[in-house]
Amino acid sequence: MSETDLSVPFRRRAGSALGDKHLQEALTIATTKFIGLRRDAFDEFPEGERLRDLAREIKEATLQHLHRYVEQLIDSVERLGGHVHYATTPEEARRVVLDIAARTGARMAVKSKSMASEEIHLNEALEAAGVIPIETDLGEYIIQLAHERPSHIIAPAIHKTKGQVADLFAKELKRQVAADPEELTRIARVELRQKFLEADLGITGANFAVADTGTVVLVTNEGNGRMVTSLPRVHVAVMGVEKVVPSMTDLMVFLQILAKSATGQKLSVYTTLVRGPRRPGELEGPDEFHLVLLDNGRIRQIAGPLREALYCLRCGACLNVCPVYRQIGGHAYGYTYPGPIGILLTAMLEGPGSVKDLAHASSLCGACADACPVRIDIPKMLVELRREIHEARIAPWTERLAYGLMEKVLASPSLYRWSKPLARLLQRPFARDGRIRSVPLAFTEWTRTRDLPALAPQTFHEQWPTLK
């Protein structure tokens, strides 16, 4: 069974992840480290909370006038000699990139990490068109060798231990190597170095794009982003339209909180600002620069219930603190974007029916909202998403029946009073020592992995006269 096979029910995918001891070890080590690094970074940064509020305000103000800033970005990029393409769907985005590859005669493309290119399934399309895609981010390179998809927004191979990576390199690269991160990185560097020089096409995502200067911003830690944008003769950046920021001043706010939220760094090792193709007198850079602006349901949500999800910086902080993600990892979610924010993004891109199970894969503990650098209220939107799924009758009938009855009982004092003796009677065959360990028929799942407390012989309201 594939962990990302959507034909397999979410419950089975999650169960498989819970039984994977290597996955559990890798997730615990990585997410615990990320949590500690982020906490330390903000403890030493007293301006952090104020900048989080400011970043949220900038995101909201930008969405209110997004059409204006997108038009300004297009004008700025074209003024610098670049080309801008607007893609409404993943199919349109793939077609744009494939057309560029065909026109320029590209046979190999080196890629810097890009969730947007994962979203549109670009690698598969390139391969089908005879263009070899090479992932150059270490984590992405690892999962490409393993024929897998990313399991984390910023750490694609978070689900693998160093021992598993060493075994993978031995199998795919035909060389034995110790399970040492430095040695594994050295081997990957040697393997990839020639690819940068041979590639005709460089493909990246974009963390931000500055409207008034036409600057595309890449935030990386490995330097591969700079190789991808400077060595191939054509550079294509694929970016969600919501990544536009009005000015360089606004960009500085986001750069101060992004790395701290993602990896606990004061600033990422490489912050690369790309402004169009190479100009006369410059020694490096592409002959052509193309920016693909991807909609794929984003514009529709500006006036929709998932509007706040468009604030997301893709830092991954909410994944690291989520008790569900920390147990099942990213592949169990089944779609491109995992974790709490991933549920919302999947609903935005694929429709609410795609997350009828995932919408409940959250404890609503609020840790994700506390960690988010722009304070996205993820729990509130998950509750709204559950309501939408219920009203659209997407949820199973047993679930709708149970919650419908509960809603009526809790909304009516008289029904609530009459339901108490009936509930005590119905629980008698199943209650032992104050616990209900199993219930029959459609409600079996409620007790499959946990016990429920039995109803008390008397409610607090019934006990009150005696207590007085």
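Each value in this text was obtained by applying a stated rule to the coordinates, not by laboratory testing. The structure presented is a predicted model; accordingly, all values stated were derived computationally and were not measured. Cβ: placed from backbone, ideal geometry, glycine included. Neighbour counts: every protein chain shown.
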Query raised in the report: With each pseudo-label sitting 7 Å past Cα toward Cβ, what's the Lys380-Thr459 distance in nm, one decimal?
Result: 3.1 nm
Query raised in the report: Hey, got the dipole for segment 39-171? About the Cα centre, +1 on K and R Cβ, -1 on D and E Cβ, debye to the nearest 20?
Result: 400 debye
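Ranked from highest to lowest mean number of other Cβ atoms within 10 Å per residue, what is the order of the peptides 408-421, 374-387, 5-18, 146-159? Could the numbers behind the result be given before it?
Details: 408-421: 12.4, 374-387: 18.7, 5-18: 15.1, 146-159: 22.3.
Ranked by mean Cβ neighbours within 10 Å, highest first: 146-159, 374-387, 5-18, 408-421.
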**Report entry** Charge dipole (segment 35-192, unit charges on Cβ, about Cα centre) - positive-most of Ile153, Phe45, Leu173
**Finding:** Leu173
Query - Nearest-ten-degree value, helix 248-262 long axis tilted from longest Cα axis of the chain - result: 60 degrees
Query raised in the report: Hey, if you put +1 on the Cβ of every Lys and Arg and -1 on every Asp and Glu Cβ in the chain, which of Thr336, Trp418, Leu382 ends up farthest toward the positive end of that dipole?
Result: Trp418
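Which value, in debye to the nearest 20, describes the size of the charge dipole of the chain about its Cα centre when Lys and Arg Cβ atoms bear +1, Asp and Glu Cβ atoms bear -1, and nothing else is charged?
Details: 60 positive and 57 negative charges, 338 e Å.
Dipole magnitude for the chain comes out near 1620 debye.
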Query raised in the report: On average over all directions, what projected area in square nanometres does segment 415-467 have, based on the convex hull of its Cα atoms?
Result: 4.5 nm²
Query raised in the report: What is the projected area of the convex hull of the Cα atoms of the chain, averaged over all directions, in nm²?
Result: 27.0 nm²
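So if each residue of separation counts as 0.36 nm, and I subtract the Cα-Cα distance between Leu18 and Glu92, what length gain in nm does that give?
On the way: separation 74, 0.36 × 74 = 26.64 nm, distance 3.76 nm.
That works out to 22.9 nm of additional length.
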Report summary line: Simple SL model, points at 7 angstrom along Cα→Cβ for Ala431 and Glu49; separation in nm is 4.5 nm
Report summary line: Here segment 350-356 yields Karplus 3J(HN,Hα) values (6.51, -1.76, 1.60; θ = phi - 60°; whole Hz; Gly and Pro given as x) of 10, x, x, x, 6, 10, 4
Query raised in the report: Hey, got the dipole for segment 415-467? About the Cα centre, +1 on K and R Cβ, -1 on D and E Cβ, debye to the nearest 20?
Result: 80 debye
Query - Evaluated at q = 0.14, 0.18 Å⁻¹: base-10 log I(q)/I(0), Debye formula over Cα of segment 61-204 - result: -0.78, -1.10
Query - Amide proton proximity set for Val292, modelled H, under 5 Å, gap of 5+ - result: His85, Ala237, Val238, Met239
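Rounded to the nearest 500, what is the chain's calculated 222 nm mean residue ellipticity when only DSSP H runs of at least 4 contribute -39500 (n - 2.57) each, over all residues?
On the way: 21 runs with 231 residues, N = 468.
Helix-only estimate at 222 nm: -15000 deg cm²/dmol.
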Report summary line: Taking Cα atoms only, Rg over Rh for segment 336-445 with Rh from the Kirkwood formula is 1.07
Report task. Working from Cα positions, state the angle (0 to 90°, nearest 10) between the long axis of helix 397-411 and the longest principal axis of the chain. Result -> 60 degrees
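Out of all DSSP beta bridges in the chain, what portion is antiparallel? Express it as a percent rounded to 5.
On the way: 12 of 37 bridges.
Roughly 30 percent of the DSSP beta bridges within the chain come out antiparallel.
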Report summary line: Between the residues Leu358, Leu218, Tyr311, the Cα farthest towards the positive end of the dipole of the chain, that dipole coming from +1 and -1 charges on the beta-carbon of Lys, Arg, Asp and Glu, is from Leu358
Query raised in the report: Quick one: what Rg and Dmax do you get for segment 350-406 from the alpha carbons, in Å?
Result: 12.7, 39
Query raised in the report: Under the Cβ-under-4.7 Å rule, which cysteines of the chain stay unpaired?
Result: Cys312, Cys315, Cys322, Cys365, Cys372
Query raised in the report: Any idea what angle helix 48-64 forms with the longest principal axis of the chain, computed on alpha-carbon atoms, 0 to 90 degrees, nearest 10?
Result: 80 degrees
